[in-house]
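Asks: Before anything else, here's the structure in question.
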């Protein structure tokens, strides 16, 4: 079934709002949350759900920095400095693991950046060996790494497989060199078809292709061709991220204004076209921006309404764990708290060398916020939430859940009249037509929106 985007609805609902990769959003993190609180929360996490452990490793270094990128990264690093950084990450892993129950299974490892595949592979091996020494890996663990194809050689793919990685996310962004030049990004070093084949030949269980729409010089037609090429590569997952332009938060993005961007209407068409192209090609739409093959675990989880999401992306409720982040700027997502490390790599190293932890800020959640997080996460992932089920999950009455959410059907009368969502017996269902507006719908469950804290990108 094709998706058709209504321009009037875009004009009506296109406002700034959180992406809800966490709840509360990171704009609410505060510096009252410190190292001691984090250590307490680590111990507490052993008695909370999920029991599984997920690990995030942040490598905040790039050979050159893309103008559009919102990630915490640096350039111009030296080899001795990089070695100190790796040693600091190892030390942090050793300390955090000592606070965790060694009977808990590690189910996921995700490497992000920066450009993780641009550092020496001996350092990647050192950290993965440390994880294996201090954590009990699940039999069916997933270990994924984000790779920039401009720095990816065949021998690197072989090494990653040897180290225990089983999924690679290839950061394409766009196949047009002029678009890549505009955002200060180098094209793939090898033909992308050969890279994908090599990944498959080495026996990796999965490959992601990451695309971004809304970048300078992109047109509706050009992005359509980019998606067609991505489909031809036949990877099990394709991601179409919407570019978020927030130069007040990320100053390096401002230079892109000299070139200009696609309009909101054009971005919506890019979203609509890519959705229709990928569905026609046999992919299943996952959440806001992911697509997977029908037999992929994401598609199966969505079908069972058991899809989950964290700062690293989508995952399944069966395999996800509480996330323990390591490295500069990394965020730990525990059941009762978020904790973010110091962003500057040099300051992070000094703090870890001195204390073993390097907390910059964080947030402790109360029970009401856990309920709201659960509801918003379910909507963002599964386009669905059953408030009766939520009440059972939190072992309380439906009336209490409704009170926490300040819930009333009248709050959603505009979305319902526009056929974006339906409500039946306290089941909220986002219709296919409403998926583009999932962030807007989720905002109606968020009491913190009224506080107007932080700067957000537009929802569309």
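Asks: Taking the Cα centre of each part, how many Å lie between the stretch 344-385 and the stretch 124-139?
Replies: About 23 Å separates the Cα centre of the stretch 344-385 from the one of the stretch 124-139.
Asks: Once the Cα gyration tensor of the stretch 123-169 is found, what semi-axes does its equivalent ellipsoid get, as square roots of 5 times the eigenvalues, in whole Å, sorted largest first?
Replies: Sorted largest first and rounded, they come to 21, 12, 9 Å.
Asks: On full extension of the chain, what length is gained from residue 122 through residue 201, given 0.36 nm per residue of separation minus the C-alpha to C-alpha distance? Intermediate results must be reported in sequence, preceding the final value.
Replies: Details: separation 79, 0.36 × 79 = 28.44 nm, distance 2.28 nm.
Answer, rounded to one decimal: 26.2 nm.
Asks: Go ahead and estimate [θ] at 222 nm for the chain from helices alone: -39,500 (n - 2.57) per DSSP H run with n ≥ 4, summed, over the residue count, rounded to 500.
Replies: Using -39500 (n - 2.57) per qualifying helix, the result is -11000 deg cm²/dmol.
Asks: Using the alpha-carbon centroid of each, what span in Å lies between the stretch 277-328 and the stretch 154-193?
Replies: Using only Cα atoms, the two centres lie 21 Å from each other.
Asks: If you don't mind, there's one more thing I want to ask. Considering just Cα atoms, how many Å³ per residue does the convex hull of the stretch 237-362 enclose?
Replies: Convex hull of Cα atoms, per residue: 151 Å³.
Asks: Once both labels are modelled 7 Å past Cα along the beta-carbon direction, what's the residue 75-residue 49 spacing in nm?
Replies: Spacing of the two 7 Å Cα→Cβ label points: 4.6 nm.
Asks: By how many nm would the segment from residue 335 to residue 184 lengthen if fully extended, with 0.36 nm per residue of separation less the alpha-carbon distance?
Replies: 50.5 nm
Asks: Further, regarding this structure: Would you kindly work out the equivalent ellipsoid of the stretch 367-446 from its C-alpha gyration tensor and give its semi-axes, the square roots of five times the eigenvalues, largest first in whole Å? Before the final figure, lay out each step's value.
Replies: Working: eigenvalues 82, 31, 24 Å².
Here the semi-axes work out to 20, 12, 11 Å.
Asks: Using R₀ = 45 Å, calculate the FRET efficiency as 1/(1 + (r/R₀)^6) where r is the Cβ-Cβ separation of residue 431 and residue 395; round to 0.05.
Replies: On the way: r = 31 Å, r/R0 = 0.68.
The formula returns an efficiency of 0.90 here.
Asks: What's the Cα-based Rg to Rh of the stretch 179-293, Rh via Kirkwood?
Replies: When Rh is taken as the Kirkwood radius, the ratio is 0.99.
Asks: Express the C-alpha Rg of the stretch 301-458 as a ratio against the empirical globular expectation 2.2 N^0.38 Å, rounded to two decimals.
Replies: Ratio of Rg to 2.2 N^0.38 Å for the stretch 301-458: 1.19.
Asks: One-quarter of the Cα convex hull surface for the stretch 100-191, in nm²?
Replies: Across all orientations, the stretch 100-191 yields a mean hull projection of 6.8 nm².
Asks: 7 Å from Cα along Cα→Cβ at both residue 402 and residue 228: what's the point-to-point distance in nm?
Replies: Here the answer is 5.2 nm between the modelled labels.
Asks: Treating the stretch 25-364 as a set of equal point scatterers at the Cα positions, no solvent, please give the Debye-formula log₁₀ I(q)/I(0) at q = 0.06 Å⁻¹.
Replies: Log10 of I(q)/I(0), two decimals: -0.21.
Every number in this text was worked out from the coordinates using simple rules, so none of it is lab data. Everything numeric in this text was worked out from a predicted model, so none of it was measured. Don't worry about glycine lacking a Cβ; one is built from the backbone with ideal geometry, like all the others, and counts go over all protein chains shown.
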